[in-house]
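Data block below; observations after.
The values are calculated or read from the model by the stated rules, or taken from the named source; none is laboratory data. Being a predicted model, the structure only gives us computed values, none of them experimental. When we count neighbours, we look across all protein chains shown, and the Cβ atoms used for this are built from the backbone with ideal geometry, even at glycine. The protein model used for the area step is the full one, side chains on, heavy atoms only, and it has no ligands, DNA or RNA in it. Shrake-Rupley method; radii C 1.70, N 1.55, O 1.52, S 1.80 Å.
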Amino acid sequence: GAAAGRELQEHVRERHGHLLGAPGAGNGEQLYECPMCSLTCTNIQILEEHVDLHLEENSFSEGGNVRDLELAQQLQTEEDKWQRSEEEKREREEFKKLQRQYGLDNSGGYKQQFLKNMEREVDRGRMQPFEYHKRKADMMESLAFGIDDGKTKTSGVIEALCKYYQSESKDVRRVWLSAGVDHFHSSLGDRGWGCGYRNFQMLLSSLLQNSLYRDCLRDTTLIPSIPKIQSMIEDAWREGFDPHGASHFNNRLHGSKAWIGACEIYSLLTSLRMKCQIIDFHKPTGAMGTHPRLFEWVLHYYSTDSEGGTKVMCTSKPPIYLQHQGHSRTVVGIEEKKNKSLCLLLFDPGCSSQEMQKLLKQNSDGTNLKLLRKFVGSLKEKQYQIVAVDGVLSLEEKAARCRASQVLTSEKIP
């Protein structure tokens, strides 16, 4: 910069008398050397002007460097800004994808999906227009009354299993079964997101057959439709249950395709004065990512009240809601094999009525049971949660659980 220039000029003045050689061209002229490029000049003024030119060039190129630096910084800032906006865009898209995946994107709920899927069936020639109109009218009626239309329901499976285990199944030492449970599978209106609601319907179908629970369910004598269940969960939130969970759904489920999980089922059941608990199996407890502790917990749940050594225990226990990432099912019983290994019996909302019907005419080799049977090696998700009902709550107990749910709803199995 300027300081360096001044130094250089001083340097030139100091050396202006420096004779480079003998008098040039024989006429006694002195020669002066430029300290920057070794050019020789005959006159000190010429040399100083020459050096000044060097200095101007220098300051110009330095200024250029400054400008280059500024330009580079500006480009970097713009690049950073662009990257940030791209990241934000990606995050927004990811969030929208998650909202879509979990049915929170305001794209409509059960009714809209039902109609859209039926229209698609008509377009493809798989449904006649008259059938479309009849089913639409049926659906509108069932939604108006808030009652499930029963079109995806299979009854009598537990009774058929009781009979089968008494006469067949030689490898089973003992089996415990829930009190009668109807199976419900997902329909055109909730395919892809309705498993939590369908499992609640299964659980409720059993509770309604038990006089202990039926008294608490006086307002719910028939199985509610999915939009009705959504409204019931919203009612539980309004009572003060699980505000943290409610805020995740913006306090609104009705009219959406929102996935629900164990916390929503817990809130709903507790608001109906059901005494229930969430148990969190937050990591595998056996080899190869298995959950033997979960199986032992289920065995304990079913066997606590059963006495006597009979092989088939048709208990009064309600089924258990079983949740893992992305899906939920209903535990309706557990087998203990002769070799002491355990096997859960599960109703899956993804299983169709046609498949479930096979269990009503159970063949003697029990091959259809593979629809229900899950051994320890078959449940290898990272985490599971269960919701189990075991009694009814007084109004005071319900209020206390409501307050507790505002802090914590799940108990971890270590």
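Side notes on the structure shown:
- When peptides 181-189, 213-221, 287-295 are ranked by their average number of other Cβ atoms within 10 Å per residue, the highest-first order is 181-189, 287-295, 213-221.
- Separation in nanometres of the label points that stand 7 Å from Cα toward Cβ, at Asp215 and Lys81: 7.1 nm
- With a threshold of 31 Å on the Cα-Cα distance, the over-threshold entries among Lys97/Lys370; Lys275/Lys382; Lys96/Lys228; Lys136/Lys398; Lys111/Lys382; Lys340/Lys382 are Lys97/Lys370; Lys136/Lys398; Lys111/Lys382.
- Relative contact order (%) - criterion: Cα under 8 Å, at least six apart; region: the chain: 19 percent
- Linear extension gain, Glu296 paired with His244, 0.36 nm per residue minus alpha-carbon span: 15.6 nm
- FRET efficiency for the Lys97 to Glu56 pair, using the beta carbon distance and R₀ = 60 Å, is estimated at 0.50.
- Solvent-free Debye scattering, log10 I(q)/I(0), computed from the Cα coordinates of the chain at q = 0.12, 0.13 Å⁻¹: -1.03, -1.15
- Accessible surface, per residue, of the range 110-412 when the full set of protein chains is kept, probe 1.4 Å, Å²: 46 Å²
- Protection-proxy order for peptides 84-97, 331-344, 388-401, each taking the mean of Cβ atoms within 10 Å per residue, highest first: 331-344, 388-401, 84-97
- The packing ranking, built from the mean of other Cβ atoms within 10 Å per residue, places the peptides 258-265, 347-354 in the order 258-265, 347-354, highest first.
- Taking 0.36 nm per residue of sequence separation and removing the Cα-Cα distance, the Arg90/Thr40 pair yields an extension gain of 11.5 nm.
- Degrees, to the nearest 10: 44-101 long Cα axis against longest axis of the chain: 10 degrees
- Each residue of the range 173-181 was assigned a 3J(HN,Hα) from its phi angle through the Karplus expression (A = 6.51, B = -1.76, C = 1.60, θ = phi - 60°), giving 7, 8, 9, 10, 10, 5, 5, x, 10 Hz with x at Gly and Pro.
- Backbone N under 15 Å from the Arg120 label point (7 Å along Cα→Cβ), restricted to the range 135-172: none
- Multiplying the residue separation of Ala144 and Arg403 by 0.36 nm and removing their Cα-Cα distance gives an extension gain of 89.9 nm.
- Rounded if a/c under 1.5, otherwise prolate or oblate - the range 218-331, Cα gyration tensor axes: oblate
- Pair Lys311, Lys361: separation of 7 Å Cα→Cβ label points (nm): 2.4 nm
- Calculated [θ] (222 nm, deg cm²/dmol) that DSSP helices of n ≥ 4 give over the chain, each run adding -39,500 (n - 2.57): -14500 deg cm²/dmol
- q = 0.12, 0.24 Å⁻¹, the range 200-260: log10 I(q)/I(0) [Debye, one scatterer per Cα]: -0.34, -1.01
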